[in-house]
Amino acid sequence: MIQNRNFLGAPVSIVTERLFGTSPTLDDLPHFRTLDTNPLVQRTLFGRTYSPEESQERLAKFMRHWSDYRFGEWMFRLADGAFVGTGGLFYDVIDDQDVVALGYVLDEPYWGFGYATEMARAAMQVAFQEMQVANVYGVIDPENVPSRRVLEKSGFAFVKDFLYRGQWPSALFRASR
C-alpha cells in the first residue's frame, strides 16, 4: 500500500502552548470510547457511533500505525491531564494515491477554544520540519465550517469536493511545505 516509508519518525510526545500529546496506549481506550460514543462528535466524521469492540480496534489501529510507520496521531491533554482529543498524521489513500493526512477529533467540551488549530499546527510543524513531508492532506465534512477554519489557519488550501473512500461527501484540502 504505502510506497514511501522513508520519512523520519515523529516524536512520540509533543508539547504545544496549552496541550501535551502522547502516542496512544491501551490506557487510552476510555478516551476513544468518549469520542466514539458521542453522536455530536461523530456527526461530522462518519455519522455513526461505535461499539466497544470497534473502539478497541480503532485504538489498536492507531497504535499499529505508530509501530509500523514511526508516526501517527497523538492523544492530547491539558496540563491537568484532562483529555481534549486526538490529532496528528497518518497514511491514507486519496484518489488512489498514498498520502500523509492530518486528522483531529476533539471532545465536545473543548470545541471553540482553538485546541484543534493548536494540534493541527503542531502536527504540520512535525510533518514539514521533522519528517520532511512535501504535502499533507486534510479531509473534512464540507458542512463543518469550524474544521474548515482549522485547516485554513493551519496553511491548507481547498482542492476539491469528492467522495472520501467512495462514500462520504467530503472536501479535500492540501498544505505544501
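The values are calculated or read from the model by the stated rules, or taken from the named source; none is laboratory data. These numbers come from a predicted model, not from an experiment. Using ideal geometry, Cβ is built from the backbone for each residue, glycine included, and neighbour counts are taken over all protein chains shown.
If I ask for residues that are among the aliphatic types (A, V, I, L, M), closer than 17 Å to residue 173 by Cα and surrounded by fewer than 23 Cβ atoms within 10 Å (Cβ to Cβ), which ones from region 106-128 would you list? Hit for region 106-128 is 124, nothing else.
Of all residues in region 129-139, those that are at pLDDT 95 or above and not small (Gly, Ala, Ser) total 4. Mind listing whichever residues of region 163-175 are hydrophobic (A, V, I, L, M, F, W, C) and modelled with pLDDT of 95 or more? 171, 172, 173, 175, listed by residue number.
Elements of the type helices (runs of 4 or more DSSP H) sitting completely within region 1-102 and holding at least 1 residues that are loosely packed, with under 14 Cβ neighbours inside 10 Å and of a type in the set (Ser, Thr, Tyr): these cover 52-69.
Considering 116, 127, 123, the condition of being under 18 Å from residue 45 (Cα atoms) and not in a strand (DSSP E or B) is satisfied by 116 alone.
For every residue, the table says whether it meets (1) out of contact with any strand residue (DSSP E or B) (no Cβ under 9 Å at 6 or more places or on another chain); (2) within 22 Å of residue 147 (Cα to Cα); (3) free of Cβ contacts under 8 Å to residues at least 24 places away in the same chain; (4) not small (Gly, Ala, Ser).
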position	(1), (2), (3), (4)
19	no, yes, no, yes
37	yes, yes, yes, yes
44	no, yes, no, yes
66	no, no, no, yes
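Is there a residue in region 149-162 that is surrounded by fewer than 13 Cβ atoms within 10 Å (Cβ to Cβ), farther than 21 Å from residue 45 by Cβ and modelled with pLDDT of 95 or more? Checked region 149-162: at least one residue is surrounded by fewer than 13 Cβ atoms within 10 Å (Cβ to Cβ), farther than 21 Å from residue 45 by Cβ and modelled with pLDDT of 95 or more.
Which condition does residue 159 not pass, out of (1) in a strand (DSSP E or B); (2) in contact with a helix residue (DSSP H, G or I) (Cβ under 6 Å, 6 or more places away or on another chain); (3) not acidic (Asp, Glu), if it passes all the others? Failing condition for residue 159: (2).
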